[in-house]
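So the structure is just underneath, and the comments pick up after that.
The values are calculated or read from the model by the stated rules, or taken from the named source; none is laboratory data. Here the structure is a predicted model, which is why all the values come from computation and not from measurement. Every residue, glycine among them, receives a Cβ derived from its backbone with ideal geometry; neighbour counts consider all protein chains shown.
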Amino acid sequence: MGTGVSNFRAHCWFYMRESMFPTPPRYSIPQSVRKSIDLWEFLIMDARPLMIVNKKTAFINRFDDTIVESVVFKNQAFEKFAAALDCSSLLRKMLDSKPGSTFYMAGKLWGMYLTHDGKTIIVTGDTTMYNEAVTWTPAEGWRPPEAPTSSYPFQYIQTETSKYRMITRDASPPTNPMLDWTRRSIAKWVPEHYRDLQGVNWKETSLGEMGSWSGSLRTIVNSIMVHPYQTVLYWGKEYVTIYNTSYSDVIRNRHPTLLGQELEKAWPEAYEKIHMYLDDCRRGLSIIRSGDAAPVDRSDTDEESYFDWTLTPILEKAGNVGGVLWQQYEGTARILQNRRREMLKTLRASTANSRSPTDFWPAVLEAFDTNTYDSPFVALYQISALNDNEALLIGTRGIPQDYAFPRVVVLAEHEGCFADEIRIARKTGKKTRKDNLQAVEVFRKIAHRGFRKPCKSAVCLPILSKRGVIRTEAFILLGINPKRKLDDDYEIWLDQIQENVTEYLACVRESEEEVRAAMQEQLADAERRRASELSARLKEVKHELRKNELRFTNMANSIPVGLIEMGPKGADSAIFTNPAWHEIMGLSKCDAKSWCEVVHKDDGAMLSQALDRAANLQCPISVKYRVVNTNMGVRNNQKFKWVVSNIVPVFEETGALHGFYSTIADITPLKLAEEVQKERADEALERSRQQERFIDTVCHELRNPLSAILQYSELILDMLDDYDSRAIEQESSDPKALVSSVISVPAIDLDSITESANTIILCTTHQRRIIDDILITSKLDLGLVQVEPINFKPMTYLETAISMYKAEAKSKGIELTIAAEKSCEEHKIEWLRGDPSRVMQILLNLVTNAIKFTVRSEVKNIAVNFGVSLTEPESYGRVLFNNHDRRDISNFDGGSWGDGEIIYLIITVTDTGIGIPDNVRKSLFRRFQQAPKTESKYGGSGLGLYICKNLTRLLGGSIGVASTEGYGSQFSFYVTTRRGCEASPEELPSAMAYLSRNSKKTSSAASKSQENSLTKSKPPPLCPPVARQSSIVTGFSMLVVEDNIINQKVMKRQLEARGCLVYTASNGLEAVQFIEKSSLRKGADLMMAKEILICFMDCEMPVMNGMEASRKIRAIQAEGLLTRHLPILGVSANVRGPQVQAMKDSGMDDVISKPFSIDELVKAAAGLVNSQSVQDWSMNSAISPPKGGTPSSTPGIVRKGSQASGASISAASRASLGATVTPVGVVIGDEGSRKGSVASYMGGKV
């Protein structure tokens, strides 16, 4: 410690000697004498006060009381003098001064010196005290070069001996001056201000000549003239101005013209600002003001100045106020110094928390915001650490974006406004000044801070770096206050900014380096500790790794899940596999690398894509694929295994792909179970769909004939009612008939009644067939169908059954033939023993289907052939039989079957119909199964072939089909029988007897019904139906769309019987085509086109069903091709909620359910048509208002008693409806025996 202090003292002494004293002459002093001299004893004993200050500490604490801690040495003289000295103020004064300069404080002259290294300040004071006046005699004729001001440290006054004496500001001025300023002087030399005062023409003023002035005025004038401070006397009410020499320096450009002038006239600007204070003072008030800003005209422009002033009223002998005394003391230096000191204080405070240059430079810019007057604009550039020829703009203040300084300045090539100043400042390390900025247009527009006036000059302050080689690290471009000169105080403040920023930056750099060094040391220490810990941990990890490796190996060998590690190439690079993997894949360890070969060929690409996807997405991927069984045999009829693999990609720290980990598990049993479950689920779903379709189909097949039965029954009743009505009318018109024994009874249409009865029989037969199919299906499922073998003659039975359908086939243009093959003659087959009723049931189902699917073919042939075989047939023609599913023929031995030879009866039905697609044949004999679209086109329940299959199986046979789509089908079946003997007539079965009894009648009725269905119905010739007066649809023209010819015919007949004009269509396509040609079509020929008011639309129809047709009609209507809305009444046997909603959504206005009576149909139709007619009338009336009509003439309901024809509608009413309205007469009558009526007025195209 002692050595360090000694070295520090020697260091300080060396710089003190070099800085303070000139190099002494070299004397030859003995070395022993040199060693005996103690430098510090010399300094301590020196009579001059002296102290040594650490510059860095002083700058950091300059605004705090801790600044005294920067003093590292004081001698005895300073300690003695410091008792009466404020050491903090002395240090701050020292920091505000330039190195090597002197300053006065506490009556002493002090000097400040800076050592060579710039880190130490030496302050010393003189032994002389300047608290007494110092007199001196100037040369003859000497006078001060300029008037003294309050900013100077000394004042000069004239003494009695006409000599000058220098006094301090605080000294009292001399008394009893010899010069009277109000009288003429004969002295050789008088002050210039005296001559100016005497030169005023006072006679012209309100004061008059000086000789007439009062004593009090003279006294106060002489007093202010010798006063050292700026003093003005405003005398009288006119405020005549009289001031001393000091004040003339303030109003330089207005002196001496202001002397003796009235203030309001000579200086109106000043009078405007202070006249209220002058008036208050004249009323006897004294006023004191401090720090008022007042521009002073000392240079070309107004100079920023601040004053403390007082106003004192001056009394005359009479006691009145004769004038006002203005005394002002300039405080500009104090105000500016305080402002600049606050800025430096803010600079220190804002940069105190900076830890890096990034934080430091913005803090420096923020400090300038506290003194905008002395920094009108600021631009801070930092020289790049990477390229010292570039300076980067850190920030600006007071410079708008429109005049932004360049972001980057290339110092060697820069040619801007401050180019030379920047280069000089960088080279010398000292500030440079740029004048005449107003010559640059950009700077004439930069006036946004301070006094908002353009700057005349600016300075470039280089910020030096003291680390190692001194270099310029940054520079500040600072504008100079346009209202202040760059005087010494301004220069000192700028130097302080430069020094402070440089010093603070050095502190930041040092702090940054210290922090960095401390962090590096801490990091190094932490690294050493970490290395030691890692070394110990490494040993533990190695031990753990060995244990984990053994544990992993044992676990991998024991788990049932396969494990494989692959390289970055994927499946072609197996690195590790466990035994479970080899067992699942069926490969040995030698074949592990070629394991991709056992992957199913269809799944190899999928596995490769899964590996690529896992690598790209960097996430696990699960994939299922098949593996060919190489040595595990075939399991569950499968030649491959199903496996699931979870692939996990592994990456290096660099992000490169390291490889893949994958697990593998055998899921073949699960996959098989899923397939079985899926098949069952699909079957259950299909069965459910088939059941729903079956229910809808059966409802349709049952309700259609039921509707025909109901309507034909009504038709028969209507005919009988008509017959009774005519008989009663005839009796009432011919009273003599009551006496006559023979009454002429009107004829009755027996043919129509017979035809209706036959149609009812056919419908009930069709219903019974559907019900029989359902019952026998249930019995077949429950195993309740029994075989009742009897002796029968196959030819007779088959011909009888076929004859039932010949008439129907002939009516449809189909040639139906039956023939026996040669095998019957070869084997002499005449009688067989079996169940002919079941055989006939199978045959009739096949013939019915053949007729149904052949009726629309160009070639219409159906051939029925039968033969026999002594051996069980495996095929017949193109038809193959499935003999594995037939019944065991051992059940046909003995008992009721007898012991005859087993004969296989083979029956074939061949047609030229539409054929069956290949993809439908496999499922054709399933329950509820039909070929696609045949259900909607041809009807049926989907049970016929299912029944045929089960009956043939029950009879010990099989059934098959061969078909070519578009060319027809061949259905063949065989049953097991035995050779039988001839049976007596009594043993004929009831079924045969029934067929024999009813074949002719049924065939005739069916033939007649079919023939009538193909032609347009005509009224019976004997007794045409008479329109009832109570009908509610008299005059209706309607379209009936129905595929069932029977239903179509009966609806047409009954509606015509009610006075309607009925048109028919057999499917939706015909209905759409009819409507497009009707009078509803825009532009149609109204004379030729057919008119319809409503359409009855069946839903289940071939070619195009009712819902599709409704959608088509509504689409045509939406396109504007129809003149009005056509009501559509849907007719269906399937009326569940969703189905009804679907029909309405398709465009139907309402739906009626089968079976229905004609009255129900008529009422529903009348309601729709009446609603539509009123709507059409309203729309037409809105377009064409009636001419001469009234609201009461609106067409609507016609009450009983009105005319029954269209003639009852007035011409005005027809005119109100427009040319498109056709009157249709309807009458409302009383409720009849079975029918009510509603009348409506219909509108439509003529």
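For the range 101-115, a residue qualifies if it is more than 18 Å from PHE59 (Cβ to Cβ) and assigned to a loop (DSSP other than H, G, I, E, B), and the qualifying residues are ALA106, GLY107. Just a yes or no: is a residue in the range 512-533 surrounded by 14 or more Cβ atoms within 10 Å (Cβ to Cβ) and either assigned to a helix (DSSP H, G or I) or of a type in the set (A, V, I, L, M) (or both)? There is at least one residue in the range 512-533 that is surrounded by 14 or more Cβ atoms within 10 Å (Cβ to Cβ) and either assigned to a helix (DSSP H, G or I) or of a type in the set (A, V, I, L, M) (or both). The residues listed here are GLU540, GLU583; of these, the one that is modelled with pLDDT of 85 or more, assigned to a helix (DSSP H, G or I) and over 30 Å from SER356 (Cβ atoms) is GLU540. If you scan the range 1076-1100, which residues turn out to be over 29 Å from VAL1135 (Cβ atoms) and assigned to a loop (DSSP other than H, G, I, E, B)? Scanning the range 1076-1100 gives LYS1077, SER1079, LYS1082, GLY1083, ALA1084, ASP1085, LEU1086, MET1087, MET1088, ALA1089, LYS1090, GLU1091.
Taking ASP682 as the residue in question, decide whether it is farther than 30 Å from GLN618 by Cβ, crowded, with 20+ Cβ neighbours inside 10 Å and of a type in the set (Asp, Glu). Spelling it out, it is not the case that ASP682 is farther than 30 Å from GLN618 by Cβ, crowded, with 20+ Cβ neighbours inside 10 Å and of a type in the set (Asp, Glu).
What number of residues in the range 911-922 are surrounded by fewer than 20 Cβ atoms within 10 Å (Cβ to Cβ) and at pLDDT 75 or above?
Residues that pass the stated criteria total 3.
Please find, among ILE559, ILE564, ILE476, the residue that is surrounded by 12 or more Cβ atoms within 10 Å (Cβ to Cβ), within 30 Å of ASP666 (Cβ to Cβ), touching a helix residue (DSSP H, G or I) at 6+ places or on another chain (Cβ under 9 Å) and at pLDDT 85 or above. Only one candidate qualifies: ILE564. Scanning the range 203-235 for residues that are touching a residue at least 60 places away in the same chain (Cβ under 8 Å) and in a loop (DSSP other than H, G, I, E, B) gives SER214, VAL226, HIS227, PRO228, TYR229. Among residues of the range 711-724 that are under 16 Å from ASN758 (Cα atoms), none has a beta-carbon under 7 Å from a residue that is at pLDDT 80 or above and among the acidic types (Asp, Glu) at least six positions away or on a different chain. Among the residues of the range 1101-1143, write down those that are over 19 Å from ASN704 (Cβ atoms), free of Cβ contacts under 8 Å to residues at least 40 places away in the same chain and assigned to a loop (DSSP other than H, G, I, E, B). Result: GLU1119, GLY1120.
Looking only at the range 350-387, residues that are polar (S, T, N, Q) and under 13 Å from GLY398 (Cα atoms) come to 4 in all. For CYS619, the conditions (1) in contact (Cβ under 8 Å) with a residue 12 or more places away in the chain; (2) surrounded by 13 or more Cβ atoms within 10 Å (Cβ to Cβ); (3) under 18 Å from GLY570 (Cβ atoms); (4) not small (Gly, Ala, Ser) all hold with the exception of (2).
Answer yes or no as to whether VAL200 is among the β-branched types (Val, Ile, Thr), over 15 Å from GLU316 (Cβ atoms), in contact (Cβ under 8 Å) with a residue 24 or more places away in the chain and assigned by TED's automatic domain parsing to the domain that holds ILE251.
So VAL200 passes the test.
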